[in-house]
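Written out below as structure tokens is the structure these notes cover.
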Amino acid sequence: MDKMSSHKPANNGRRTRMAEVVRSRRLTPGMHRVTFGGEDMADFPASQESAHIKLILPEPGQDRHEFESLIAEGNAKSFRRRTYTVRHHRPADNEMDVDFVVHEGGGPACDWALAAQPGSFLAMGGPGPKKAPHPAADWYLFGADLSAFPAAAAALEDLPADAVGKAIFEIPNEDDRQALDAPKGIDIHWHVHSDSHRISERQLAFFRDLEWPAGNAGVFAAGEGHAVKMLREHLLNERGMDKREMYLSSYWIIGLAEDEHQVQKRAENTTVAG
């Protein structure tokens, strides 16, 4: 029996699976999509768009049998791991889309995705919790940069058809706009922020200038850490929101690699919890 397939699924279908590349293509100048499938992905839980997953990357040129054996033996932590989002999942076709930001200087996951072709492989852990604004909201407010666009877009498309609200997406290039199947009542704005080395205050300005509708707001804000921190302070201190009504998350920080960013996030979360 295949070692990976012999793993027993954890609660909610969480486990580490082997994922094979079905297709790989550039969506926009700044976004590349890889579609995964394969026998081991057949039991991935349905309706997990916006949930996070852990991609476990093989070493360049590594033999699949060796990689799969090491993962099955519980050695996933010895490999490079990166956090991504389920953008689309088509269980009937056993296909999942994961979108990768194409950024300056590349990186392990970006480089892997750009080189991926049908038959390429990696291991996938998860899914983790879905990312969504407060479900009992009367209206919704979204803010995200390109790194958080897959999660924000999936959460938007999962809203009720009669949902109303606003969204602002920061993108590095005008051609990075993407079509969204969002409710008609969501007013979507795009802002080009081309300098990834400079902190952007555009989302903060958008939130501050907004005439706050009556009722409870459901907020989704994610992306670069400094921008998210400013939004958090505005929402808590100026708008008087309850943090339990919001999904706010730093996905990256200017000047930090993902491993460094994750260490900082864990430290901050520990401080808050304490």
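Each value in this text was obtained by applying a stated rule to the coordinates, not by laboratory testing. Just so you know, these numbers come straight off a predicted model, no measurement behind them. Virtual Cβ from ideal backbone geometry, glycine too; neighbours counted across all protein chains shown.
Farthest towards the positive end of the charge dipole of the chain, among the residues His89, Leu114, Ala46, is the Cα of Ala46, using unit charges on the Cβ of Lys, Arg, Asp and Glu.
With the convex hull of its Cα atoms as the shape, region 21-65 has an orientation-averaged projected area of 4.7 nm².
Note on Asp175 and Glu245: the extension gain reaches 21.9 nm, defined as 0.36 nm multiplied by sequence separation minus the Cα-Cα distance.
With all pairs of separate Cα atoms included, region 94-245 yields a Kirkwood hydrodynamic radius of 16.8 Å. Each other residue within a Cβ distance under 14 Å of Leu122 adds +1 if Lys or Arg and -1 if Asp or Glu, for a net charge of -1. The chain: percent of C-alpha pairs farther apart than 34 Å? Distances greater than 34 Å cover 19 percent of the Cα pairs. Remark: region 143-184 carries a charge dipole of roughly 160 debye about the Cα centre, counting +1 on each Lys and Arg Cβ and -1 on each Asp and Glu Cβ. Per-residue ellipticity at 222 nm computed for the chain from its helices equals -6500 deg cm²/dmol, with DSSP H segments shorter than 4 residues left out and the rest contributing -39,500 (n - 2.57).
How high is the FRET efficiency from Ser78 to Lys54, r the C-beta distance, R0 22 Å, rounded to 0.05?
The calculated FRET efficiency here is 0.95.
Here the simple spin-label model places points 7 Å from the Cα toward Cβ, and for Glu66 and Asn237 these points are separated by 5.3 nm.
Each Lys or Arg adds one and each Asp or Glu subtracts one; over the other residues with Cβ under 14 Å from the Cβ of Ala136, this totals -2.
Label-to-label distance for Asp162 and Glu95 is 3.4 nm, based on points extended 7 Å past Cα in the beta-carbon direction. If I model a spin label as a point 7 Å beyond the Cα along the Cα-Cβ vector, how far apart are those points for Arg208 and Val192 in nm? For the pair Arg208/Val192, the computed spacing is 2.4 nm. In plain terms, if you count all Cα to Cα distances in region 11-126 and split them into 10 Å steps from zero, the share in each step is 14, 51, 32, 4 percent.
Could you work out how much longer the chain between Leu114 and Leu256 gets when fully extended? Use 0.36 nm per residue separation minus the Cα distance between them, nm to one decimal.
Full extension from Leu114 to Leu256 adds 49.0 nm.
Applying the Karplus relation 6.51 cos²θ - 1.76 cosθ + 1.60 with θ = phi - 60° to region 94-106 yields 3J(HN,Hα) values of 6, 10, 9, 9, 10, 9, 10, 6, 8, 10, 4, x, x Hz, where x marks Gly and Pro.
Computed from point charges on the beta carbon alone (+1 for Lys and Arg, -1 for Asp and Glu), the dipole magnitude for the chain about its Cα centre is near 560 Debye.
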